[in-house]
Amino acid sequence: MLKIKLAALLLTSFSILHAAAVAHAQQGTSPSDMSFVLSGAAAGDDSGSASTTSSSSSTNYVRTVPPPVVNQRNDIGSRPFHSIAVGIKADTLGAGIELATPLARHFNLRSGINAFAFNYPFIIDGVNYDAKLHLKSSQTSVDWFPWRGGFHISPGILYFNNSFSAPSSVPAGQYFELGDQGFINSVDDPVAGTATLVFPRKVAPLLTLGFGNLIPRSGRHFSVPFEIGAAFTGAAQINVTLNGTACTSDGCFAFADNADAQSSLKQEVQKFNNDLAKVPVYPILSLGFAYNF
C-alpha cells in the first residue's frame, strides 16, 4: 500500500511539471521568467487511499507571474551624447538654429548660431539716421533642469559680433540740433556723416531661464522651448562723426573744424551714451521649435 501511495505521489508531481512546461511553451517564455506556486498537499496521511491522493492532486494549480517590467521612460535621453535634437528659433539675437545633446539626467549641452540683418531709418533732432543692423552671434549653454518638467536654468557663453552703422544726413537748408545748439544746414555743402554702435565685449557670459526641453525625458520628439535672459556684453557706446558746412547766427563754417560745433556734437552723443549705460546687458528673448531624433 505504501508503494502504491508513493507511486501516485510521483505521478501527480510529474503531471504538474508537464502542465507547467506546456504552459511555458504556449506563452513563449522561458522557465526562468516564471514563478510556480503549488497549493494543496499531494500526499495524504497513511490512512488515506489512492483515491484521496488523486482528489488532492486535483487542487494543485499553476500560476504564471509575469517578469517585472523595467520602466525606462526616465532613462530616455539621459545617457551622455546618446541622442541629438535640432531646433530653430527666433529671438533678439536673430534667427537661429541650435543643437542639443544630453549630458546627464538633469543636464543638456546646447549650442547654436544666430544671424539676421535689417534696416531701420529714424530721425533725431532733425538728423536723419539710416540704421543698418547686422546680427551675428553663436552661443553654448548648459541646460540644468532642477525639477521634473521643462523649467531650466542655462548659464553659457556668447560670441557676440553684432554691428550697427547708420549713415547720417540733414536735408539741405534744414534746421537741426546737436546738444543745446541749433544749426542751419548748408545748401551747397550739406552736413552728413556716420553713426556707429559698439559693444565692449565680443565674448560675454549669458544666463537664461526658460521652459521646454529640446530632449524630453518622456520620449516625445517635439518641443517648443521658450527662454528669457541676458548676455553681459557691457553697455554699448555710440560714436557719431559729421562733415560738411553748417551755419549759425554767427556765420557758416566747416563742421569738422569748428570747436563749438564739435562740442555740441559731443554733448549730443554723450546724452545717448548716458541712456545706454543704464543697460549693461543685451536682452535675450527667444521662442523656438525643436525635434529630438
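For this structure, a couple of remarks:
- Put simply, when 229-241, 205-217 are sorted by average Cβ atoms within 10 angstrom per residue, most first, you get 205-217, 229-241.
- With 23 Å as the limit, the listed pairs Lys89/Lys278; Lys136/Lys271; Lys132/Lys271 have Lys89/Lys278; Lys136/Lys271 beyond it between alpha carbons.
- Order by protection proxy (mean Cβ within 10 Å, highest first), peptides 140-148, 245-253: 140-148, 245-253
- Legend: calculated FRET efficiency, Tyr120 to Thr241, from the Cβ-Cβ distance at R0 = 22 Å, rounded to 0.05, equals 0.65.
- Computed from point charges on the beta carbon alone (+1 for Lys and Arg, -1 for Asp and Glu), the dipole magnitude for region 75-292 about its Cα centre is near 1680 Debye.
- Scalar couplings 3J(HN,Hα) for region 202-209, obtained by applying the Karplus form with A = 6.51, B = -1.76, C = 1.60 to θ = phi - 60°, are 8, 10, 9, x, 9, 9, 10, 10 Hz; x denotes Gly and Pro.
- Full extension of the chain between Ile153 and His82 yields a length gain of 23.4 nm, computed as 0.36 nm times the residue separation minus the alpha carbon distance.
- Spin-label model, Ala104 to Leu287: label points 7 Å out along the Cα-to-beta-carbon direction sit 3.4 nm apart.
- Here region 91-143 is treated with +1 on each Lys and Arg Cβ and -1 on each Asp and Glu Cβ, and its dipole about the Cα centre works out to around 240 debye.
Each reported figure results from applying straightforward, stated rules to the coordinates on display, with no laboratory input. Quick caveat, the model's predicted, so the values are computed rather than measured. A quick note on method: Cβ atoms are made from the backbone with ideal geometry, for glycine too, and the neighbour counts reach across all protein chains shown.
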